Structure formats: structure tokens, C-alpha cells
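Report on one structure; see the data block that follows.
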Amino acid sequence: MNKILFLLALAVLCCEANAQHKQSGATVPGRHNTVVRRKQIDTANLRILYAWNADDIKQDSTYLDLGQLLIGKKMTKYCSLFVEQADDERVKWHKANPRAQSVPNGTWWMRGKRPDVWSEYQYSDIFIHGDTLNEWAMMPLGQEWPLRYEEKIQPQGWRLGTERKTILGHVCQKATCHWRGRDYVAWFAADIPIRRGPWKFGGLPGLILKIYDTAHLYTFEAVGIEKGTFPIWQYPNEEYKKSTRRQTWKLQVAFNRNYLLTSGRRKYDPNAPGGMGDPMSAPHPYDPMELE
């Protein structure tokens, strides 16, 4: 019996380890001026909320993030609601303290698990106009410039299944695909004729309400569908350096796998010029969603 309990506990620990994607400890970016200079570029009348890697789908404090898909008049945007709400508070603080040279760090208001740690899936905005995808990627503290790039949407080659399940009161159909190195299972609601989903996912004949990879490293599940008036924000264009998907992806992976080394941190050495000693290094295992 003790052996069985030990094996069960080990299995739970392994699953928890696999589901963690903020293990690098990368520090969230400051974005002091960027936040207060954001501009509204569109308005959405529909917002779908997605829990990302939730321990308990009913408790947002157990989410790595709460994402939002905004269906605008001219575009769709997927981004972190937790980050946007923190930015809202920072903008309010700036208006109340106009003489301050900077605003407090967003972690003062951030929610969810490990709110002080950066992840590219939480600190990137995905804009889609027609068949074009733009990613605006905020890097962790230590990277001088955030990056942005544009690419044509890459079809995900969905295969429709016959299985059904109900999510948020909508009967969803199963679909599968192999995309950029991973196998995915999606559940989409054909009665919501929106060919989008969380992050970069879409292309099905209905809104994706749940999607996960078959290794169960990444799971997005809808927890709310809201009608209303929601601003679609964009940060200052000039503060994002133009890049490519490949360059942006390589840097994001590097920060996850060794934040200290990639950000150029060095050990203190009183005998070295400027006290800058050897580079610091703390490697971490990391499996990105896109493997290629």
C-alpha cells in the first residue's frame, strides 16, 4: 500500500512539474513609459476569457494567466487580462501622480500564480487582421527592446472528429492537428461562428473553447464569454523593434532556458573593472509550444 501511495504521489508531482511554465524565474518587464502611452486602436463587443494552465478552473488565483480574446470591428487581439488590468491600475496611478518619473511595477496589481515572473505567453499581444498575424512581444527585464513581427497565418490543418462535449453551455466538437512540432486537441463551438481561439489558434468552423497539446504541457480553457464594450490597446509602435518570428522565438526560448545568462547578469567581483565578474548562469528545462 505504501508503495502504491508513493507511486501516485510521484505521478502527481511529475504532472505538476510538466504543467509549470514559469520555472525560469525571469523578471517581469518594467514598461514604465510604454504603459502610460498606450493607444486604443479598436473596440471589441465580445470577449472570451481563457484560463491558461489552471490548477482549479474555478479559482483564477491558480491560473498561470487569464487570457482574453477580443473580437474587434477591424481585428482580433489575444492578450493577458491580468496584465491589462495591472496596466489599467498603473495608468490610474500615473494620472494621480503626474509629476512622478515612473509608475510602480505592474506586479503590485498582478494576479494568478507567480505574478512576478515573465512568460512570453503572458507578455505578448497577438493581433490578427485578415490573414496576417502580428505578435508584439515584451521581453523580461534585461532586454532593452521589446520585439514585433508580422507573418501570414499558417494553416493548422485541422481534422474534424465526431466526439462532442459541453463547455460553458455550448456543445463542442473535437478537432485535432499537428502544428509547428506539436499535436493538439481542440473543442470548438459551431454555434459561435468565429474562426478564432486563444493565442495563435484558429481556423475551425466555430470558436475554440478548449485546446491542449497531447503532452498536456499547455492547456487553454474558456471560462467566460462576455458581451460589452472593450477597448483594444496597442503600445507605442516606436518602442518595439522590428524583428522576425524566428528571431523573436529564439530569444524567448533563450530567456526561458537561462534567464540570467541571456539577460547578461554577472557576478560581483570587487577586483574586476566596474565590479563585473563572470557571467551568471542558471539553466532550466523548457518546452515551448512552437518546436519549429
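The values are calculated or read from the model by the stated rules, or taken from the named source; none is laboratory data. Source: prediction; values computed, not measured. Here the Cβ is made from the backbone with ideal geometry for all residues, glycine too, and neighbour counts use every protein chain on show. Calculation scope for accessible area: heavy atoms of the full protein, side chains included, ligands and nucleic acids excluded. Shrake-Rupley method; radii C 1.70, N 1.55, O 1.52, S 1.80 Å.
At-a-glance table
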quantity	calculated
Which listed residue is under 17 Å from the mean Cα position of the chain (by Cα) and at pLDDT 95 or above, from GLN23, GLN59, GLN85, GLN40	GLN85
Qualifying position, being over 26 Å from LEU207 (Cα atoms), open to solvent by 10 Å² or more (accessible area, probe 1.4 Å) and not in a helix (DSSP H, G or I), among LYS113, LYS95	LYS113
Hey, VAL253 at pLDDT 95 or above, outside any strand (DSSP E or B) and of a type in the set (A, V, I, L, M) or not	yes
Any hit, region 220-231, residues being among the hydrophobic types (A, V, I, L, M, F, W, C), open to solvent by 60 Å² or more (accessible area, probe 1.4 Å), within 25 Å of ASP42 (Cα to Cα) and part of a strand (DSSP E or B)	yes
Where a residue in region 24-43 is closer than 14 Å to PRO231 by Cα and touching a residue at least 24 places away in the same chain (Cβ under 8 Å) and its partner, wherever it lies, is part of a strand (DSSP E or B) and among the basic types (Lys, Arg), with Cβ under 8 Å and at least six apart	ASP42/LYS77
Considering residues of region 164-191 that are open to solvent by 40 Å² or more (accessible area, probe 1.4 Å), part of a strand (DSSP E or B) and touching a Cys at 6+ places or on another chain (Cβ under 9 Å) only, the residue nearest to CYS79 (Cα to Cα)	ASP183
Extreme residue, most open to solvent (accessible area, probe 1.4 Å), among residues of region 124-163 that are within 21 Å of TRP233 (Cα to Cα) and not in a strand (DSSP E or B)	TRP145
Scope region 98-110; condition over 18 Å from ARG38 (Cα atoms) and in a helix (DSSP H, G or I); matching residues	THR107, TRP108
Residues of region 238-261 classified as open to solvent by 50 Å² or more (accessible area, probe 1.4 Å) and touching a residue at least 40 places away in the same chain (Cβ under 8 Å), total	5
Some residue of region 258-265 being under 30 Å from ALA186 (Cα atoms) and under 20 Å from the mean Cα position of the chain (by Cα)	no
Qualifying residue in region 140-154 (condition: basic (Lys, Arg), closer than 16 Å to ARG38 by Cβ and at pLDDT 95 or above)	yes
Qualifying positions in region 202-225 - more than 17 Å from the chain's Cα centre (by Cα) and either without any contact (Cβ under 8 Å) to a residue 24 or more places away in the chain or closer than 23 Å to ARG90 by Cβ (or both)	PRO205
